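Colleague: Can you keep this structure in mind? I'll have questions shortly.
The values are calculated or read from the model by the stated rules, or taken from the named source; none is laboratory data. Please read all numbers here as calculations on a predicted model, not as lab measurements. Neighbour counts run over all protein chains shown; Cβ positions are idealised from the backbone, glycine included.
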Amino acid sequence: MTALRTGIATIALFAATPLTAQEITLYSGRGETLVAPLIETFTESTGIEVNVRYGGTAELAVLLNEEGAASPADIYWAQDVAALGQIKPVFAELPGEMLEDIPAIYRDGDNRWTGTSGRMRLMVYSTERMQADELPATMAEMTDDRFAGTMALPPTNGSFLAHVTALRVHEGDEAARAWLQELADNDPVIVSNNTAIHTAIADGEADWGLTNNYYLSRFLADDPDFPADHALFEAGDIGNLMMVAGAGVLESSDSPEAAMAFIEFLLSDTAQQYFAGNVHEYPVRGDAVAAFSGIGVDYGTASEAAIEFDLNELTDLEGTLEMLEEVGLL
């Protein structure tokens, strides 16, 4: 909390125009333990109370669609990027000047929502049993025979589902289905989630896997000798997908000015330093990069290697689940 509050008085968070609304409602797919300190700091800084409804990102997206213009929500904050494309039609446009320092890979091209922190998809591998140059150079090469039985794979994990959905959009369903079938035929070590990928690598059950960047930092915080490291695919490959947690203001908001101020706060130095330093996610503003204390691939390298991809396209997770069932991974 102390680090979060550092420098709050010196940061120009909002426009000079006084805010008349003193209360907003936030639908948050990000967990209370993670974001409550930020919300508290925002309220202390502005006097604007934030009524928060916590829930699953997908659950809240469904609720917003059901409520329509009658929703009490002013802001929707998604943990996972897939829901942002579904909700985009009900978001108001964010001011261009608010997003001018946010690279395109972290936000909606129409300024309807912005990422608040980034999660790079990359490889994690055993430093005891592999070298970085032995890993696949592209996502397509993940199915090579030489990786038979060595990869930890979490087929029900949300990030994996979103990544395969991105592959479907980028390469087409036929190519994606063939890739999944080859992956299944390569006898991967099936695990439940990204945490389990790292555990399987440490326990010698698997040698590598596809994961999000911040997990290794958490393992190394508990064990500085944790035997793993990160690697990227070739620059611009679909394997290097930058996904985000993100937020937008509902067009039906009764307090749009205060809601916009909250989004601006999430992009401020205070919030960006919190996500980078405490959560080990990437900041979405390049000038906040100094705060990133994660392990492995740095912000600049990750941003340059990331493929340009419209994250609004990651909506058909059900179709991806069906495809995984067809090839026998579920």
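Colleague: Report yes if A231 is surrounded by fewer than 22 Cβ atoms within 10 Å (Cβ to Cβ), at pLDDT below 85 and over 17 Å from the mean Cα position of the chain (by Cα), otherwise no.
Modeller: no
Colleague: State all residues of region 47-77 that are in a helix (DSSP H, G or I) and surrounded by 18 or more Cβ atoms within 10 Å (Cβ to Cβ); if no residue qualifies, say none.
Modeller: Of everything in region 47-77, those that are in a helix (DSSP H, G or I) and surrounded by 18 or more Cβ atoms within 10 Å (Cβ to Cβ) turn out to be T57, L60, A61, L64.
Colleague: Take the residues of region 294-326 that are small (G, A, S) and closer than 30 Å to D222 by Cβ: which is surrounded by the fewest Cβ atoms within 10 Å (Cβ to Cβ)?
Modeller: G300
Colleague: Of all residues in region 292-330, count the ones that are modelled with pLDDT under 90 and touching a strand residue (DSSP E or B) at 6+ places or on another chain (Cβ under 6 Å).
Modeller: 4
Colleague: Tally time: how many residues in region 225-272 are more than 30 Å from L135 (Cα to Cα) and not hydroxyl-bearing (S, T, Y)?
Modeller: Count: 22.
Colleague: Of the numbered conditions (1) surrounded by 15 or more Cβ atoms within 10 Å (Cβ to Cβ); (2) not in a loop (DSSP other than H, G, I, E, B), D80 satisfies every one except a single condition; which is it?
Modeller: (2)
Colleague: Still on this structure: Touching a residue at least 40 places away in the same chain (Cβ under 8 Å) and of a type in the set (F, W, Y), is that true of F219?
Modeller: No, not satisfied.
Colleague: Can you tell me which residue in region 53-107 is farthest from the chain's Cα centre (by Cα), limited to those that are of a type in the set (S, T, Y) and closer than 21 Å to A166 by Cα?
Modeller: Among those that are of a type in the set (S, T, Y) and closer than 21 Å to A166 by Cα, it is T57.
Colleague: Could you please let me know if T301 is among the polar types (S, T, N, Q), under 30 Å from M130 (Cβ atoms) and in a helix (DSSP H, G or I)?
Modeller: Criteria met by T301.
Colleague: Evaluate region 280-294: report whether one residue or more is assigned by TED's automatic domain parsing to the domain that holds E93, closer than 26 Å to A231 by Cβ and touching a His at 6+ places or on another chain (Cβ under 6 Å).
Modeller: yes
Colleague: Going by the structure shown, is E257 over 19 Å from the mean Cα position of the chain (by Cα), surrounded by fewer than 24 Cβ atoms within 10 Å (Cβ to Cβ) and not assigned by TED's automatic domain parsing to the domain that holds P103?
Modeller: Taking the combined requirement at face value, the residue does not satisfy it.
Colleague: Another question about this same structure. Of all residues in region 227-255, count the ones that are hydrophobic (A, V, I, L, M, F, W, C) and not in a strand (DSSP E or B).
Modeller: The number of residues fulfilling the criteria is 5.
Colleague: Just one of R146, R112, R129 is over 17 Å from D237 (Cβ atoms), at pLDDT 95 or above, in the same structural domain as G31 (by TED's automatic domain parsing) and not acidic (D, E); which is it?
Modeller: Testing whether each residue is over 17 Å from D237 (Cβ atoms), at pLDDT 95 or above, in the same structural domain as G31 (by TED's automatic domain parsing) and not acidic (D, E) leaves just R112.
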